[in-house]
Amino acid sequence: MTINTKDLLTQLGEVVSLPSISSANTEIDTSNKPVIDYLANKFESLGFSCEIIPCSPEENGKFNLIATLGSGPGGLVLAGHTDTVPLDQALWSVDPFQVTEKDGKLFGLGITDMKGFFPIVMEAIQPLLNEDFKEPLIILATADEETSMQGARTIAELGRPKARSAIIGEPTGLKPVRTHKGIMMDSIRLLGESGHSSDPALGNNALDAMHAVISDLMLYRAELKNRYTSDLFEIPYPTLNLGSIHGGDNPNRICGHCNLEFDVRLMPGMHIETVRAEINQRVEAIVQPLGIQFELVPLFTGVPAFFAQENSPLLKAAEQLTGHSGISVAFGTEGPFLQQLGMDTIILGPGNIDQAHQPDEYMSIDMIEPCIDILRKLITQHCLY
């Protein structure tokens, strides 16, 4: 490490050591409260005023943090989520809950996506703590970004924090992101009638019906591709992925139930509820004549596509500091929720998304100092002058 302080590596190790797995599977889902408490303690020691905000009651054990230095209107939010995806520890070559330094990289679960962002923020602000903050610097740490995005939803519903600008420190290779696709994930659940497989008339095969549904979804996918295009994205059209299917219980029984889970990556201009309504209408038209019961169940509410505001001052400043024009990415973020609060928002952070969500997640050490420098300059521009 070439960073001038010993604290950074220690703090990266401490935040990674605190499990905060977010999962729809309640058996492996964990609270993020230890991470929130840790960050609150650290930012309070730096002079920030900290408020811990619980998510809605059904999200038991999930919390957000708003840490504020300075006061008044305007200001800058540096935001990130405190949860990680689940892991298969047997596939890791190092301890996922301990930062391991080797080959110019720091390994650990969440080091890139994205708990490691917070100690880097602490390092960036250290030399500025004795300055006179004309506008506030606000740190926002959220819960459950990897599943429901309930943390960001709670914050948006509360209508705070309020600031002029916001940076979400997701791993972008230190290139400012001006747009990303949205995402929705739904389940189609068909209920037929089981029976002895020797006579099809003894039941109503849900898997046969799902075959027709899948065929129509593939047609719908092609329609979406023709309907929405944008050269901003490497994949310049919406995608519909058939991700998981389960049905029946035995080969010699008529399949009585079948569930299909899929996602749609939405382009700017597409609306989640419109797509969901179109799919519902198409599936209903297929299964109703077959006498199959049907339910379309959102697996989570969904995240709309994100596009930075036109002529964004923050994007222009980030482009000048990084030397990169704003880019587009396929992954979703909490950006739309911060935009709802009226903030000029971009995505910019260290690490690369292709190192996230996999064993031996790592951050390249050579990204840390440039990130600190960029954040320090953006804080100075937005909060000190």
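Coordinate-derived values only; no laboratory data. Here the structure is a predicted model, which is why all the values come from computation and not from measurement. Cβ coordinates were reconstructed from backbone atoms using ideal geometry, including for glycine residues, and neighbour counts include every protein chain displayed.
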For every helix of n ≥ 4 consecutive DSSP H residues, a contribution of -39,500 (n - 2.57) applies; sum these over the chain, divide by its total residues, and give [θ] at 222 nm rounded to the nearest 500 deg cm²/dmol. -8500 deg cm²/dmol
Other-chain or far-sequence residues with amide H under 5 Å of Asp344's (modelled H): Ser165, Ala166
Once you have the Kirkwood Rh of the range 44-200 from its Cα pairs, apply Stokes-Einstein at 37 °C and 0.692 mPa s and quote D in µm²/s. 176
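Could you list Lys175, Lys102, Lys162 in order of exposure, starting from the residue whose Cβ has the fewest other Cβ atoms within 10 Å?
Working: Lys175 19, Lys102 10, Lys162 14.
Fewest-to-most Cβ neighbours within 10 Å comes out as Lys102, Lys162, Lys175.
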Taking amide H atoms as placed 1.01 Å from N in the peptide plane, list the residues 5 or more away in sequence, or in a different chain, whose amide H sits under 5 Å from that of Cys255. Ala206, Leu207
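Provide the gained length on full extension for the span Glu193 to Ile245, in nm with one decimal, where the gain is 0.36 nm per separating residue minus the Cα-Cα distance.
Numbers: separation 52, 0.36 × 52 = 18.72 nm, distance 1.79 nm.
Net length gain for the segment: 16.9 nm.
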Cα-centre dipole for the range 182-303 with unit charges at Cβ (Lys and Arg positive, Asp and Glu negative), debye to 20: 140
Can you tell which of Val85, Gly291, Met149 lies farthest toward the positive end of the dipole of the chain, using +1 and -1 charges on the Cβ of basic and acidic side chains (Lys, Arg; Asp, Glu)? Met149
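Give me the percent of DSSP beta bridges within the chain that run antiparallel, rounded to the nearest 5. Present the calculation step by step, with values, prior to reporting the outcome.
Numbers: 48 of 66 bridges.
Here the antiparallel bridges make up roughly 75 percent for the chain.
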Short version: ³J(HN,Hα) in whole Hz for each residue of the range 174-188, in order, from phi by Karplus 6.51 cos²θ - 1.76 cosθ + 1.60 (θ = phi - 60°), x for Gly and Pro, what are they? 6, 10, x, 9, 9, 8, 9, 6, x, 8, 9, 10, 10, 10, 9
Net dipole in debye of the chain [+1 Lys, Arg Cβ; -1 Asp, Glu Cβ; about Cα centre; nearest 20]: 880
Rounded to whole angstrom, the alpha-carbon centroid of the range 185-259 lies from that of the range 113-150 at a distance of 42
What would the Debye formula give as log10 I(q)/I(0) at q = 0.14, 0.19 Å⁻¹ for the alpha-carbon point model of the range 282-375, no solvent? -0.72, -1.05
With a Cα-only, solvent-free Debye model of the range 182-303, what are the log10 I(q)/I(0) values at q = 0.21, 0.22 Å⁻¹? -1.12, -1.20
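So which GluC sites (Glu not before Pro) in the range 270-371 pass both tests, a DSSP loop state and at most 12 other Cβ atoms within 10 Å of the Cβ? Walk me through the intermediate numbers first.
Numbers: sites: Glu273, Glu278, Glu284, Glu295, Glu310, Glu319, Glu334, Glu361; in loops: Glu310, Glu334, Glu361.
Here the sparse-neighbourhood loop sites are Glu310.
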Karplus 3J(HN,Hα) series, Hz, for the range 343-359 with 6.51 cos²θ - 1.76 cosθ + 1.60 (x for Gly, Pro): 9, 5, 10, 9, 10, 7, x, x, x, 10, 5, 6, 8, 8, 6, 8, x
So for the chain, Kirkwood radius off the Cα pairs, Stokes-Einstein at 10 °C and 1.306 mPa s: how many µm² s⁻¹? 71
